[in-house]
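Participant: Here you go, one structure.
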Amino acid sequence: MEFEGFVIHHSACEPEPRVRFDFTIHADGSVTSSPMLQHHKLIHICLEGNFNRRYELMSLEQKSQLFTASKIIMELSRLHDISPLYLFPHAESCPGADFPWNALVIYPVDGYH
């Protein structure tokens, strides 16, 4: 299966009823994954909580969730030969205009943002 990138959601948005997340990163830091990837072209990752805020305004738990998402994205990028820079929002309001995309992106060359 050839994937084109990652779709980022947060649970404060109401997803379409048929959307299933491939990975959910819970507020307590745990991760739930579907038994197999649900979509043909994009991998869907949901962060539990409202992430429509600047990084410096996030709680330590939310920053940890972003770090976990980054690690998942990097590993899946390696496994499926996808650029970790191909990140897409679920919708205009999800994860929102203030979502800290730069905090989520880890560049493959040096491993950090």
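Taken together, the values in this text are just the output of simple stated rules run on the coordinates, not laboratory data. Only a predicted model underlies this, so the values are computations on that prediction, with no experimental measurement involved. Neighbour counts are summed over all protein chains in view; Cβ atoms, including those assigned to glycine, are modelled from backbone coordinates with ideal geometry.
Participant: Which GluC sites (Glu not before Pro) in region 4-93 sit in a loop by DSSP (not H, G, I, E or B) and have at most 10 other Cβ atoms within 10 Å of their own Cβ?
Facilitator: Glu92
Participant: Here is a follow-up. Quote the charge dipole size of region 18-93 about the Cα centre in Debye, to the nearest 20; the model charges only the Cβ of Lys and Arg (+1) and of Asp and Glu (-1).
Facilitator: 140
Participant: Label points 7 Å out from Cα along the Cβ direction at Glu14 and Asn102: separation in nm?
Facilitator: Those two pseudo-labels are separated by 3.4 nm.
Participant: Between Ser30 and Tyr86, what is the spin-label point distance in nm, taking each point 7 Å from the Cα along the Cα→C-beta axis?
Facilitator: Rounded to a tenth, the inter-label distance reads 3.2 nm.
Participant: Right, next: Taking the structure as given and computing Rg and Dmax of the Cα atoms in Å, which label from (i) 14.6, 48; (ii) 14.8, 60; (iii) 13.0, 39 fits?
Facilitator: Correct label is (iii).
Participant: Among Pro100, Pro84, Pro35, which one moves the most in a GNM of the chain with springs linking Cα atoms closer than 10 Å?
Facilitator: Of the options given, Pro35 has the highest mean-square fluctuation.
Participant: Each residue of region 68-74 in turn: what ³J(HN,Hα) in whole Hz from Karplus with 6.51, -1.76, 1.60 and θ = phi - 60°, glycine and Pro shown as x?
Facilitator: Couplings: 4, 4, 4, 5, 4, 4, 5 Hz.
Participant: Name the longest site-free stretch of the chain, where the excluded sites are trypsin sites (Lys or Arg not before Pro) in a DSSP loop with no more than 10 other beta-carbon atoms within 10 Å.
Facilitator: Of all site-free stretches, the longest is 55-113.
Participant: Could you work out how far apart the two model spin labels at Lys71 and Ser93 are, taking each label as a point 7 Å from the Cα in the direction of the beta carbon, and quote it in nm?
Facilitator: Taking the two extended label points, one gets 3.3 nm.
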